[in-house]
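One structure is given below, encoded as structure tokens.
Please treat every number below as a calculation from the coordinates, not as lab data. Model, not experiment: these values are computed from the prediction. Because the Cβ atoms are built from the backbone with ideal geometry, glycine has one as well, and the counts that use them run over all protein chains shown.
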Amino acid sequence: MIFSTKPLAVFALVLGLTLPAGAAEHTVNTNGLVFDPADLTINVGDTVTWNNTGGFHNVSSNTGLFTSGDPSSDPWTFSFTFHLAGDYGYQCDVHAGQGMVGNVSVVGIFGDGFESGNLNAWAESLHDDSELDQRAATGNGLR
Ligand SMILES: [Cu+2]
């Protein structure tokens, strides 16, 4: 046997220390008839929060994966955490025809918890039923 368990433990420690920090939060605001920013690139496990800063709007996934609900002029806030890589287009149902659309590009394969060395939490993050069901329903595969 060439390898003892000690080098493997050291390798795991170094791997854990060099992975990026935890999940990040991102904000998208309605701004007139646009989402700002309209295009966002985030890491798996990150959360996006949309804020209605004024006007009659909602946020609605192109595939039905998420929605803030019916359009409203209330100062609503809606958050969604993305557990799988891919492109997630969305729109304001009222103003999509006027170009009020956006996209969240989710990159990376590591989810919440992996950076802490907790493989179980990481695996759990890959099993968000709503997303997996959506992938199956729409054929929106992993890229
Ligand atoms: Cu709108």
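Calculated on the Cα set of the stretch 43-107, radius of gyration then Dmax: 11.6, 32 Å.
Residues whose amide H comes within less than 5 Å of that of Asn43, counting only those at least five positions distant or on another chain, are Val107 (H built at 1.01 Å from N in the peptide plane).
Fewest neighbouring Cβ atoms within 10 Å first, the residues Ile42, Ile109 line up as Ile109, Ile42. Residue-wise HN-Hα couplings along the stretch 34-39, as the Karplus relation 6.51 cos²θ - 1.76 cosθ + 1.60 with θ = phi - 60° gives them from phi, are 9, 8, 10, x, 7, 10 Hz; Gly and Pro carry x.
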